[in-house]
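Asks: Quick one: structure below, then a few questions.
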Amino acid sequence: MQTADTIYDNVSHLNYGFQHEEQRPPPYAPPSGINPALPQYPGPQNPQHLYQNSERYSPAQSLHQYTPQTAAVNTHHTVTPGPYLDVNPAHKVSRRKKWPIILGIVITLLVVAGVIAVVLWFYGVFDCLQGRRCQTDNECVSFSQWCDGEHNCPSGDNKTQCFRLFGSNFLLQMYSNVTLKWENVCSDGWNDSLGMQACEEMGYERSTYVGYEEFYSSASTDYMLAKTDSLSSSNLTGFLSKTSYCPSNKAVALKCIVCGQNRETRIVGGTTVTSKGVWPWQVSLQISRRHLCGGSVITPYWIVTAAHCVHENSDARDWTVYAGYLTLAEMQSATGNSVSRIVIHNFDPRTNENDIALMKLNSPLTITTNVRPVCLPNKGMYFTAPQECYVTGWGALFSGGSPSQTLQEAKIQLIDRTTCNSQPVYDRQITDTMICAGKLEGGVDSCQGDSGGPLVTKENSLWWLVGDTSWGDGCAFRNKPGVYGNVTYFLDWIYEQMRKY
């Protein structure tokens, strides 16, 4: 991680989160960069530049001199003569002869359309227009059957995708098969037994359950616990019935895990972390006791990292996770935690698309003041530029350098996607799966060895995981901020893997 005041220009190499001397990452792995790309401004979705085997960096001109160019619009109305346009008066067709030709063309078009419709129907394109498809079984379930408490999907998908947490207050919401919307859950009749079930269905372990609180709800129609005598059923969705009002007007705020808490002993303006527990979710991912990447604790069993870290080293038995340490020297004599499974998203090493992966540990981490999960961002949370964030890791202190022996931190800002996709910066390479963060003037950035590590921000007194360090051109170069995996974008995928495994 580079935090020097020097601004580098006219350098030509690509910076990765791996150490090259450790033969990582693969030649096409994304460069490292501690930068969040977060504002949800529309931008081109398909990067135009592919990473090659060589390193690169284009200094580009100042953003203040950059004027977005709008593609020219063709205002001319161009008409191509058709078969019935009299372009040659000498060969006119009589009106009587036109109608059979027109009729024949119409019939031909209808036949072609019918054939296409039959083909689409045969391949199942139209068989789920009035419902949702079970992800695991690929079967179609009507909207009225989704989240109705029954096993309409053989795998139970329609029951495990019914709850979610919303906003920084962790409001519990349930998907309504009546309104086809997410509704707040009324607190009337709610209890901890139901809370544990809801957390478990979202993907959390029962052992991490914290409890629930009541918040006044502004929703006009909330879900309310059915007032019946059969509340001993294990079918949580069967307990809930739709009502036009919530008598208490209070909604459930559910805490499935203690997250986002740290020890506020950080030195203002400092770059070296001198106290344990400041960033308790930061972990080191190692092979043969060599630090390769960083990661973030999200539960005692699960670690979030970058896909490019494990793309070519996907054997879980090779990896060891070290949590709660400040220096690499400490880890040399520590045992660490072995990994049972690695789950990689649909990562594209050419474009760095979907650069996120999960590691599941064989045994859970022991949660202490020095080892704690960071909060996954809930639905409805939007992090926008220039929000202040922190990136941490044991990455190099300058481009091409060796790993830092002590955990480093850097304070940076989110950069909106429109700016990050401008020609002087990353020229349309930033997609919805990425966020940018850093300083356009350079000088502060993540570097080799920081990949997979956390980009976090503080909101509502808690720390939230905004991104995982992915790539960047060089380290701390002007107009080349860090690029991170957009954790908010991957939220559904993360919970899906936690439920599945």
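Asks: Taking the stretch 207-222 as the search range and keeping residues that are more than 13 Å from Pro247 (Cβ to Cβ) and either aromatic (Phe, Trp, Tyr) or at pLDDT 65 or above (or both), which one is surrounded by the most Cβ atoms within 10 Å (Cβ to Cβ)?
Replies: That would be Tyr212.
Asks: Here is a further query. Gly401 versus (1) outside any strand (DSSP E or B); (2) within 16 Å of Val487 (Cα to Cα): which is the lone unmet condition?
Replies: Condition (2) is where Gly401 drops out.
Asks: Given (1) farther than 17 Å from Ser296 by Cβ; (2) part of a strand (DSSP E or B); (3) modelled with pLDDT of 95 or more; (4) of a type outside the set (Asp, Glu), identify the lone condition not met by Lys411.
Replies: Going through (1) farther than 17 Å from Ser296 by Cβ; (2) part of a strand (DSSP E or B); (3) modelled with pLDDT of 95 or more; (4) of a type outside the set (Asp, Glu) one by one, Lys411 breaks only (3).
Asks: Something else about it: Assuming Gly474 fulfils every condition listed in (1) modelled with pLDDT under 95; (2) on the phi < 0 side of the Ramachandran plot apart from one, which condition is it?
Replies: Status for Gly474: all satisfied but (2).
Asks: Follow-up. Please pick out the residue among Ser451, Ser470, Ser446, Ser461 that is polar (S, T, N, Q), within 30 Å of Val258 (Cβ to Cβ) and surrounded by fewer than 24 Cβ atoms within 10 Å (Cβ to Cβ).
Replies: That would be Ser461, the only listed residue that is polar (S, T, N, Q), within 30 Å of Val258 (Cβ to Cβ) and surrounded by fewer than 24 Cβ atoms within 10 Å (Cβ to Cβ).
Asks: Further question: Between residues in the stretch 303-329 that are of a type in the set (D, E, K, R) and residues that are surrounded by fewer than 20 Cβ atoms within 10 Å (Cβ to Cβ) and at pLDDT 95 or above, which pairs lie under 6 Å by C-beta distance while being six or more apart or on different chains?
Replies: So the pair list comes out as Asp318/Ile287.
Asks: Please verify whether Glu312 is at pLDDT below 95, surrounded by fewer than 20 Cβ atoms within 10 Å (Cβ to Cβ) and either closer than 12 Å to Met359 by Cβ or of a type outside the set (S, T, N, Q) (or both), treating the condition exactly as stated.
Replies: Considered against the rule, which asks whether it is at pLDDT below 95, surrounded by fewer than 20 Cβ atoms within 10 Å (Cβ to Cβ) and either closer than 12 Å to Met359 by Cβ or of a type outside the set (S, T, N, Q) (or both), Glu312 comes out as yes.
Asks: Under the condition of being hydroxyl-bearing (Ser, Thr, Tyr) and assigned to a loop (DSSP other than H, G, I, E, B), which residue from the stretch 473-491 is surrounded by the fewest Cβ atoms within 10 Å (Cβ to Cβ)?
Replies: If we take residues in the stretch 473-491 being hydroxyl-bearing (Ser, Thr, Tyr) and assigned to a loop (DSSP other than H, G, I, E, B), then Tyr489 is surrounded by the fewest Cβ atoms within 10 Å (Cβ to Cβ).
Asks: So is Thr335 hydroxyl-bearing (Ser, Thr, Tyr), part of a loop (DSSP other than H, G, I, E, B) and without any contact (Cβ under 8 Å) to a residue 40 or more places away in the chain or not?
Replies: yes
Asks: Given the structure, is Trp463 assigned to a strand (DSSP E or B), closer than 24 Å to Ser168 by Cα, touching a residue at least 60 places away in the same chain (Cβ under 8 Å) and not aliphatic (A, V, I, L, M)?
Replies: Judged against the criteria, Trp463 is a match.
Asks: Further question: Just to be sure I understand, how many residues within the stretch 342-351 are more than 13 Å from the chain's Cα centre (by Cα) and farther than 22 Å from Thr320 by Cβ?
Replies: The total comes to 4.
Asks: Here's something else I'd like to know. Any idea which of Ile298, Ile287 is among the β-branched types (Val, Ile, Thr), within 24 Å of Ile494 (Cβ to Cβ) and over 25 Å from the mean Cα position of the chain (by Cα)?
Replies: Unique residue meeting the criteria: Ile287.
Asks: Collect the residues in the stretch 379-398 that are aromatic (Phe, Trp, Tyr) and in a strand (DSSP E or B), keeping them in residue-number order.
Replies: Across the stretch 379-398, the qualifying residue is only Tyr390.
Asks: Then there is this: Considering Thr320, Thr272, Thr299, Thr327, which residue is more than 21 Å from Asn378 (Cβ to Cβ), hydroxyl-bearing (Ser, Thr, Tyr), surrounded by 18 or more Cβ atoms within 10 Å (Cβ to Cβ) and in contact with a Ser or Thr (Cβ under 8 Å, 6 or more places away or on another chain)?
Replies: Checking each option against the conditions leaves just Thr320.
Asks: What pairs can you find where one residue is in the stretch 199-216 and outside any strand (DSSP E or B), the other is surrounded by 15 or more Cβ atoms within 10 Å (Cβ to Cβ) and of a type in the set (Lys, Arg), and their Cβ atoms are less than 6 Å apart, with a gap of 6+ or different chains?
Replies: Listed by first residue and then by second, the contacts come to Gly203/Arg499; Val210/Lys255.
The values are calculated or read from the model by the stated rules, or taken from the named source; none is laboratory data. Because the structure is a prediction, the values reported are computed rather than measured. When we count neighbours, we look across all protein chains shown, and the Cβ atoms used for this are built from the backbone with ideal geometry, even at glycine.
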